[in-house]
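First the structure, which I've put down as structure tokens, then a few questions once you've had a look.
The values are calculated or read from the model by the stated rules, or taken from the named source; none is laboratory data. It should be emphasised that the depicted structure is a prediction, and the values quoted were computed from it without experimental measurement. For neighbour counting, all protein chains shown are included, and Cβ atoms are generated from backbone atoms with ideal geometry for every residue, glycine included. Just so you know, the surface numbers come from the protein's heavy atoms only, side chains and all, with ligands and any DNA or RNA stripped out. Shrake-Rupley method; radii C 1.70, N 1.55, O 1.52, S 1.80 Å.
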Amino acid sequence: MDIVKVLHEFEADCQIYDPWANPKEVSENYNVETISDYSLLKGKFDAIILAVSHTEFITLNYDDLKKINNR
């Protein structure tokens with residue numbers, strides 16, 4: 001959450017994908033929204049930051065992320 005906080009200080013628009021986090025708990029504890037299905041990400045990205053070592057990120061299809069970025 002420290003990374004998100006700093007990005008928000010610079011007025012960056014962030015989308016947080018974490019398949020392990022409970023969106024309701026994250027919202028209540030940190031006042032940010034998370035996405036549990038990366039196909040729900042929207043818009044174009046200037047950067048993608050992988051900050052945790054979940055197995056899902058190791059096996060993530062980065063070509064799919066590029067397609068989302070080009071919608």
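Rank-order 16-22, 41-47 by packing density, defined as the average count of other C-beta atoms within 10 Å over each peptide's residues, highest first.
Packing proxy ranking, top to bottom: 16-22, 41-47.
In this model, which of LYS24/LYS44; LYS24/LYS66; LYS44/LYS67 are farther than 19 Å apart at the alpha-carbon?
Exceeds cut-off: LYS24/LYS44; LYS24/LYS66.
Continuing with this model, one more query. Leaving ligands and nucleic acids out of the surface, order VAL32, VAL52 by accessible area at 1.4 Å, largest first.
From most exposed to least exposed: VAL52, VAL32.
Given H placed 1.01 Å from N in the peptide plane, which residues other than close sequence neighbours of TYR17 have an amide H under 5 Å from its amide H?
Amide H neighbours of TYR17, under 5 Å, 5+ apart: ILE35.
Going toward the positive end of the dipole of the chain, with +1 on Lys and Arg Cβ and -1 on Asp and Glu Cβ, which of TYR38, SER53, PHE10 do you reach last?
After comparing all options, I get TYR38.
Between SER27 and PHE57, what length in nm is gained on full extension when 0.36 nm per residue of separation is reduced by their alpha carbon distance?
Taking 0.36 nm per residue and subtracting the Cα distance, the gain is 8.6 nm.
What is the sum of charges around PRO19, taking Lys and Arg as +1, Asp and Glu as -1, for the other residues whose C-beta is under 9 Å from the C-beta of PRO19?
That works out to -3.
Something else about it: Suppose every Lys and Arg Cβ carries +1 and every Asp and Glu Cβ carries -1, with no other charges. What dipole size does the chain come out with about its Cα centre, to the nearest 20 debye?
300 debye
Right, another one. Could you sort THR34, THR59 by their accessible area in this structure, using a 1.4 Å probe and putting the largest first?
THR59, THR34
For the chain, what is the relative contact order in percent, using Cα pairs closer than 8 Å and at least 6 residues apart in sequence?
Dividing the mean separation by the residue count of the chain yields 26 percent.
Return the sequence-ordered ³J(HN,Hα) values of segment 22-33 in whole Hz as given by the Karplus equation 6.51 cos²θ - 1.76 cosθ + 1.60 applied to θ = phi - 60°, using x for Gly and Pro.
7, x, 5, 5, 4, 4, 5, 8, 10, 6, 9, 9
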